[in-house]
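Since the structure comes first, as structure tokens, the remarks are kept for the end.
The values are calculated or read from the model by the stated rules, or taken from the named source; none is laboratory data. Values in this document were obtained by computation on a predicted structure and should not be read as measured data. Glycine also receives a Cβ, built like all others from the backbone with ideal geometry; neighbour counts cover every protein chain displayed.
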Amino acid sequence: MTREELYVVLAVIPVLLAQSLYLFLDARKREHYPWLWGLWGLIQAPVPLLVYLLVVRKVRPWRRKPG
Amino acid sequence: MTDRRSTDPHREIRDIAEEEVRPEPADAGDAAEEAETVRLLRGALDRLDTLAPVFEPELHRLEARLEEHAAFLRRRLIRDLALFLTVASIVLSGLAAVILKVPAVFLLLQAAALAAAPVFIIGFYRKKVNSR
């Protein structure tokens with residue numbers, strides 16, 4: 001294991017953990033499969049977060065707000 | 001006209017009784033008798049009010065129940081978080097091991113996780129449409 005690989009792993013782990021914690025807690029609050037989102041958020045970033053924002057939080061940045 | 005949406009059922013009964021025995025212009029001669037009936041009815045209903053036990057929720061008991069529920073929710077959150085962090089540490093250690101030892105498996109896992117995105121999106125939208 002090279003030093004660079006170690007740095008990459010050490011940098012990626014907090015990102016994945018933060019993402020999955022956010023997904024788990026928010027999905028738990030909304031009662032929307034918290035374990036599914038939390039575990040998916042542990043494997044990859046940032047696709048689970050984007051899908052969560054689109055599907056569960058229904059964030060639509062391309063839509064203009066009325067008024 | 002009185003408000004029928006009043007929360008006091010006795011008052012509602014009283015209002016309805018009063019409306020029903022209200023003298024019509026043609027029966028003006030019986031007005032005194034009807035007024036007496038209403039007075040008797042009101043008296044009886046007032047006595048009923050005093051007889052029936054009125055349930056008044058005690059504030060401190062309600063507050064205690066709320067606090068108890070809040071404590072229960074906090075305990076459950078801590079338990080869930082502890083469980084999730086335990087699982088997360090196992091998954092992340094496994095992931096780190098896979099990255100370093102078998103990068104091919106890691107790439108396969110990433111491809112599977114990426115392929116799961118459209119499956120989730122379609123699945124959730126289908127469920128939403130079916131529930132309508």
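Considering (1) facing chain A (nearest Cβ under 9 Å); (2) within 29 Å of residue A:56 (Cα to Cα); (3) of a type in the set (A, V, I, L, M, F, W, C), say which one residue B:106 fails and leave the rest.
Of everything listed in (1) facing chain A (nearest Cβ under 9 Å); (2) within 29 Å of residue A:56 (Cα to Cα); (3) of a type in the set (A, V, I, L, M, F, W, C), residue B:106 misses just condition (1).
Do we have any residue at all in the range B:100-113 that's under 27 Å from the mean Cα position of the chain (by Cα) and surrounded by 13 or more Cβ atoms within 10 Å (Cβ to Cβ)?
no
Select from the range B:47-70 the residues that are at pLDDT below 90 and surrounded by 10 or more Cβ atoms within 10 Å (Cβ to Cβ) and list them in ascending order.
B:47, B:48, B:49
Out of all the residues in the range A:25-44, which are buried (at least 17 other Cβ atoms within 10 Å of the Cβ) and under 22 Å from residue B:106 (Cβ atoms)?
A:37, A:38, A:39, A:40, A:41, A:42, A:43, A:44
Sort out for me the helices (runs of 4 or more DSSP H) sitting completely within the range A:1-66 that have 2 or more residues that are free of Cβ contacts under 8 Å to residues at least 12 places away in the same chain and more than 11 Å from chain B (Cβ to nearest Cβ).
Output list reads A:3-29.
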